[in-house]
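Remarks on the structure that follows.
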Amino acid sequence: SPSDLSLSIVSNSNEELVYGSISGQTLTAITANEDFNGVAEVIVMADDGAKSSQTSVVFFVINVNDAPEANISSLEGMTLKSGEQVSIGILPLISDVDDPDEEIWVDVDTSIPGSAQFDHINGVLNMMWEEPGEHNVKLTLIDSHGDWSSSQFIVNILDAKPLSWGTDFDQGDLDVTL
């Protein structure tokens, strides 16, 4: 009778890709990681106590491209002196889960053209401003499939740094102890 029918998973050819389970008469397959892709064959057996049979279910998990990402936390709030160039290797800060990091195209944009430029050969972000103030830098990362993401950070440019004396209540730049 149909109530005596039980289903079970006999094998899964790619357990690193798909987790399979059966509840009642329902086969459920869940990808192990949203960034994995490939093929998995799950063999299911039906058994009613008198007879059993097996069938194969093939799951094709297709890749969905993710945009490259940048971890710019180390660049936030950077302070530079006006007229001085700084060069920062940013390749360790960018990644793409779907493709090699070397294939990421980096575009840099600021309100003052040329004040920040990315050297694609060396993976270095070169920045220099003459005008003091806060300057916004926008990094746009583009992968080989055309997917992209943008990140922004502010660079503070000083022409002179005001120094303050430390007191009992405020920590300053200068402190004298006798």
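Nothing in this text is a laboratory measurement; each read-out follows from the coordinates by a stated rule. For clarity, every value in this text was computed on a predicted model and none was experimentally measured. With ideal geometry, Cβ positions are generated from the backbone for all residues, glycine too; neighbour counts draw on all protein chains shown.
What the table shows:
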| read-out | value |
| --- | --- |
| Cut-off 13 Å between beta-carbons: net charge of the residues surrounding V108, Lys and Arg +1, Asp and Glu -1 | -2 |
| FRET efficiency, F169 to V86 (Cβ-Cβ, R0 35 Å, nearest 0.05) | 0.55 |
| Answer label for Cα extents along the principal axes in Å (calculated), chosen among (1) 50, 32, 29; (2) 40, 31, 28; (3) 94, 45, 22 | (3) |
